[in-house]
Each structure stands twice: as structure tokens, then as C-alpha cells.
Amino acid sequence: MLTTPSPHETPDAPRADDLRAGRPSAAAEAVTEAWQVESGTPGGKAPPDGERPRASRVLLRRRLALALPALATGAAIAALAAAAYPATGWLGALVLGLFCVLMAWQSFTAWQYLYGLIAAGFGDRAKSALELRSDGPVPAPSGRSRTAAVVAIHAEDAVAVFAGLRVMARSLARAGAEDIDLFVLSDTRDGAIAAVEEHEFARIQAWRESAGPDLPVIRYRRRTENIGRKAGNIGEFCETYGPEYDFMIVLDADSLMTGAAMRRLVGLMEENPRVGLIQTVSYAAGRDTLFARVQQFAVRLYAPLALRCLETWQGPDGSYWGHNAILRIEAFASNAALPVLPGKAPLGGEILCHDIVEGALLRRAGWEVRLVPEMGGTWEEMPTNLVDLLGRERRWCQGNLQHLSVLPWRGLRAASRWHLAVGILSYLMLPLWIAFLGLGTWQAARTGDLGLIGYGLTGTGAAAHVLAALTVAVLALPKLLSLGHVLVSPERRAAFGGTRSLLASAALEQLVWVVLWPVMTLFTAGAVVSTFFGRVVRWDAQVRDDRRVPWSEAFRLQADAVVVGAVLALGLALAGDPVLALWMAPLALALITSPVQSVVTSSAELGRLSRLRGLFLTADDTAQAPELAELHQTRALPAPAKPAHREPQPVVLLATDEA
């Protein structure tokens, strides 16, 4: 493993003992992939000493080009708001302060999209050498390394997991990736579910033996002690099986990756000995509820510019998202072990959102953490209804707020601290939005003017007019720039089904977002507050199927939103201000009807109908990859019988498994 030099390596590359020790060598420290001043050969000779400071300056300028305009825009909005609506009393001061903080955050968001658009305009000149290399031909196995593609599961639908595994096995065979093995790492505690896993593993082994010699090795391991959750599961694999492999591609139960994508990742790791982790972008795909299809469309439309911005400013200081990424096993095992946070849960104890912390620890040890935002060939699934999405947000909220204890750790890179801070702030902003809207509505009812909750649209004077224009621009730019970026390219338009389909879908998505945003914001804001008050969230297995939400469940779980909406509507009626009532009516209506939203948007029939009408189409509909088509076909087949008791069942090879 890694015993012969890569064609791109030089005598300056890290020694094998340095790699096995999980640390970069002194020579490897010099292999810094610079921005626009790189040697041009991934993993090649280090830039001359004079080039390294220049590379750092280029990266610093890129970061300042994002930070300074965002700060200036936030400051300008704050100054205009103070001039147009001077604070009078404690209520006015609170509303003004909340408005300034929220608009500063929105300014940063807007500038990310503008920055991403500019970086996209530079094309290859704004990309790292590693990303450029990822666009090349799929490399053939070099014989210098072995890789394990591991699927971490916990009480999942084993039939669905192993169906995805078959698809990836076929894809690996087509790519000629004999250096990649597939591994299922089970953390399942329930004996009956574990029996199904063992049954499915026996079936896939029989299928593999009968389907030909080119299929990859498929292995299964179930832990009896579930220490450390998923992080512990991966860590135990590194300890037990790590010596057999050089790299590890981490996949979730709902992940799908093509064999070509896996081979590209392995090739990039072999050619770049300073890189400890490469994160890919996995787009949501494969689900049919209306809610899922709207979300899949939105992510495909709006994520590319934000991701281009992220890759451009972060450089080698990337982050880890926990799946659909490749890791250098020795580097990860030696540097990414997680401590137990001091104090009790929810803010103490085991680190729940472990991936971003692991990426920060790898970076602290000197390993590069890279992002390839446009490689393609990787997917995941998402919650298929609003109820399940809100449950996931509650879990992620607690996990991200735990990072308040991680931020002060010694030795972390500034960019790593920023990744952590952004995750924390994205949740802390939501209670501020609720406070701003509530206090702003109260102030507007007292003064007879919408004031800052109207963003200056009803104000008088030059300051109010400029404030309104700037605020509306900040709020609208992310979606408008993303839409424009797609519209100017015939190829990108075609991926969304053409101009008419794209515009209609974008308009409907915005309407859906207006209705869903108040519900999601209120719920997640409550999760933030309850976390600080000590509520611990259970991290159970996720529901991944196209699940229709029952009316009883929707009303039970969203009763608080209905109550808040009713209170808001009553308050608006008592205020007797028709302008205020009209302005806040969508918010009140969205909250009152939140159970209806959950039930209606969870309909798979409506989702499939929207696809037939050409709505919410993405590249995964208009140019579907063979792997997605295979997985969809597998799901359309009748599910095989599952064992009724805990004992493993004899191998059964069904005709539907042969393809």
C-alpha cells in the first residue's frame, strides 16, 4: 500500500512512516496547494519559498474580499436604520438592535452568493489544482493503495441499505475499481433488525458470487458495544480494519456514490499526500413526496453559488460534513479522536455533530481538508416531510450548540473556528428573528407605522428609501443570483427542464418557502431555547421513506405553531391597523395552517404529479445517472420477505437481485 511512488510524486513527498504515523512530514508541509500560484501538478514539488507567502496573501485577499463588503453592507444598513427610525425607549432600541444584527447576517449570506457568482465567472482560474484534477478522466487503479467504502448504519431499513450497496457494487465493477471494498458497519442494538441485516448480507454475498468476478468485496461488521455513536463506529473500524486500508470513503445509510466518483477520490488522495480529507457535495435525490421534490429542486438551484464561494475562500481549510467524503485513515485515526465535553447533556457529554469537529482536528494537525463542489456522482436523501425535517433540525440544533465548548480549543485554525461559528450562528439567529418580529409587531401596533419590520418600505425620507432598497436587495439576492446563474446557461437551464419549467418551479418554490419559513423558524427557535434550558434530544434512526404524515400526528406535533398563529391573528385584530394586519397576515396564516402544510406536502402522489407536469425538475430527473435509475428500479420491485425471528436465515437468492 503506497509502496511505489505516484507519477506525480517527487522526492519531496512525505515518507511512508510519516503517513503511517498520521502526521505530515516536513517536506509535506511545503506541498501547499496555492491559489493561482500553484506548481500546476497536484502532489508535485512545493512552490518556491517566495511563492508560499504569496499564496497565503492570495488566500487572505480572497477572504477579505468576502468579509469586508459583508461588514460594510451590514454597517450601512445599521446606519440607515438608525437614521430612518431613531430608537425611542427600550422597545425601539431592542427592535433596532435586533434588526441590525439580523441584517448583518443576511448581508453576509447575500455576499456569499455574489462572491460565488464572481468566482464562477473566473472559471478555472478560481479553482484549486485538486479540483481541476477532479474534472479529468477517471484514473485506473494504481495498485498503490486500498480503500474501504464504509456504510455506517443504525437500525436502518436493511433491505434499502443493501439495495443501494448492490447499485454501488455494480458501479464499482463498471469503473474497474478492484482496489475498493464495500463495508457495512452496523451499530444496530435491536436483535430483530440485526437479524434482517445478517439475512440481507447473506443474500448479497450469494448474489455477488453468482454475478461475476468483477464485483468488489462486500463485508459486514456489527458492534456489540455502541460507544461513541457514529464517530465511535468509524473509530472502531479504523482501529480494527484500518491497517488493511489506506483510505476510507464514509457513506451514510442513504448515501449513493458512483464507482467513477470513488475512483476519482482515491486518485486524488494518492496524488496529494498532504490532503487528509476530501469532501464531495452530495445532492438530495430519489424521493417523491411534494416536500422532498421542492427541497431537492431548491438545493440544486441555490447551493452551487454558495458552494463555489465556500471552496474559493476556504482553500485547504475546509470542513467535513460526515459522509460522502474520503479520509486518509492513519491521519484520521491519529488526530481526529473526540473527547467528551465537560458538563452534562445537552451542551456537554458526547459530541453529537462530530464531523465538523473531526475536520477541524485534522486541519489542526496540518492535514489539508479539501472540497470538490462540482465533481458529481454523489447523492444522499433527505427527510420527506416537514415533521421529519423539523425532528432532524432539533437534533442538529443541539449538536451545533455543543460546539460553543469546542470553539476555544487550542490550536484550531481560524477558518475551522469560523466553520464552527457559522453553524452555531445559523441557529442562534432564529430566536432573534422571532424576537424581532414579535417586538416589531408590538411597536408597529403602538406607533401606527410598520417601521423596521417593514424594512423601511413605508418610511419617508432618503434614509428610509435607501434602507428599503438595500434591505430588499440583501434578502432577495441569493435566490435572484442563483436563478440568473442558471438562466444564462442553456446547459444549466436544460438540467432543470428548460426555461419555462425553471421559472414556474422557482416561483412555486418561493411561495412554498414563504409558507414554510415561519413554521421552521418558530420550531427551531424553540429548539435553541429548550437546549439552553437543558432539554436533551434523542438521536434515533431517521425515517427515510416517502412517508405520508397523518393528520393526528401533524396536529399533535405542531399545536404550538397553531396557538402562536392564533394569538398573533387575535393581536392583529385587536390592534385595528389594516396595514399591519395585511403585512403580518401571511405569517399568521402560515402558523395556523402548519399541520395542513405537513400533511399536504408529504403526499407522494402530488410529488409525482408535479414531476409529470414538469415542475421541480433537476438534473436527476432530466439526465438521470444510471445508478439512480437502478436504485429507483430496485425500489419499485416487491420487497423480499424478512426473517421473522432473531436467528440469521439461510441464503436466498431472488431473481430480482440479478442484474
Legend entry - Normalised alpha carbon radius of gyration of the range 127-175 [divisor 2.2 N^0.38 Å]: 1.57
Legend entry - Label selected from (i) 25.8, 80; (ii) 39.3, 141; (iii) 28.0, 88, the criterion being Rg and Dmax of the Cα atoms in Å as computed here: (i)
Legend entry - For the range 307-385, projected area of the alpha-carbon convex hull averaged over all directions, nm²: 7.3 nm²
Inset, instruction - Can you pull the one-decimal nm distance between simple spin-label points at residue 555 and residue 57, each 7 Å off the Cα toward Cβ? - result: 6.9 nm
Legend entry - Computed magnitude of the charge dipole of the chain (debye, nearest 20; Cβ of K, R +1, Cβ of D, E -1): 1320 debye
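Quick one: compute the contact order of the range 200-304, relative version, from alpha carbon pairs under 8 angstrom and 6+ residues apart, as a percent.
Working: 20 pairs, mean separation 11.2, N = 105.
Reported as a whole number, the value is 11 percent.
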Inset, instruction - Compute the acute angle (0 to 90°) between the alpha-carbon long axis of helix 158-174 and the principal axis of greatest extent of the alpha-carbon atoms of the chain; round to the nearest 10°. - result: 60 degrees
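Between residue 567 and residue 142, 0.36 nm times their residue separation minus their Cα-Cα distance comes to what? Walk me through the intermediate numbers first.
On the way: separation 425, 0.36 × 425 = 153.00 nm, distance 6.60 nm.
Separation in residues times 0.36 nm, less the Cα-Cα distance, equals 146.4 nm.
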Legend entry - Shape parameters for the range 449-580, alpha-carbon atoms, Rg then Dmax in Å: 20.3, 55
Legend entry - Extension gain (nm, one decimal) between residue 299 and residue 511, 0.36 nm per residue minus Cα-Cα: 74.8 nm
Legend entry - Descending principal axes extents, the range 304-451, alpha-carbon based, whole Å: 64, 40, 31
Inset, instruction - Please sort 385-395, 189-199, 309-319, 203-213 by packing, taking for each peptide the average over its residues of neighbouring beta carbons within 10 angstrom, highest first. - result: 309-319, 385-395, 189-199, 203-213
Legend entry - Estimated [θ] at 222 nm from DSSP helical runs (n ≥ 4, -39500 (n - 2.57)) normalised by residues in the chain, nearest 500: -19000 deg cm²/dmol
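How high is the relative contact order of the chain, in percent, counting Cα pairs under 8 Å that sit 6 or more residues apart? Working shown, then result.
Working: 1093 pairs, mean separation 126.4, N = 659.
Rounded, it is 19 percent for the chain.
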Legend entry - Calculated over the range 205-302: convex hull of Cα atoms, volume per residue (Å³): 194 Å³
Legend entry - FRET efficiency, 1/(1 + (r/R0)^6) with R0 45 Å, evaluated for residue 214 and residue 425 via beta carbons: 0.40
Inset, instruction - Specify the angular offset, from 0 to 90 degrees and rounded to the nearest 10, of the alpha carbon long axis of helix 290-314 from the longest principal axis of the alpha carbons in the chain. - result: 80 degrees
Inset, instruction - Please give the length that would be gained between residue 90 and residue 340 if that part of the chain were fully extended, namely 0.36 nm times their separation in residues minus their C-alpha to C-alpha distance (nm, one decimal). - result: 85.8 nm
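Counting only other residues whose beta carbon sits under 11 Å from that of residue 531, what net charge do I get with K and R as +1, D and E as -1? The partial results should precede the final answer.
Working: positive: 394, 395, 535; negative: none.
Residues close to residue 531 contribute a combined charge of +3.
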Legend entry - Crossing angle, helix 89-122 versus the chain [Cα axis fit, 0-90 degrees, rounded to tens]: 40 degrees
Inset, instruction - Quick one: how many lysine pairs does the chain have with C-alpha atoms less than 30 Å apart and a gap of 8 or more or different chains? Give me the count, please. - result: 4
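If you restrict to DSSP beta bridges whose two residues both lie in the chain, what percentage is antiparallel, to the nearest 5? Mind showing how you got there, number by number?
Working: 10 of 35 bridges.
Taking every DSSP beta bridge with both residues in the chain, the antiparallel ones total about 30 percent.
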Inset, instruction - Run the quick spin-label model on residue 410 and residue 503: label points 7 Å from Cα toward the beta carbon, then report their separation in nm to one decimal. - result: 6.1 nm
Legend entry - Label point 7 Å beyond Cα of residue 447 along Cβ direction - residues of the range 91-108 with amide nitrogen under 13 Å: 91-100
Legend entry - Cα centroid of the range 155-205 to Cα centroid of the range 341-401, whole Å: 23 Å
Legend entry - Cα-projected label distance for residue 118 with residue 543, points at 7 Å along beta-carbon direction, nm: 4.6 nm
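Readers should treat all values here as calculations from the given coordinates under stated rules, not as data from a laboratory. Since the model is a prediction, treat every value here as computed from it, not as a measurement. Ideal geometry is used to build each Cβ from the backbone, glycine not excepted, and the neighbour counts take in all protein chains shown.
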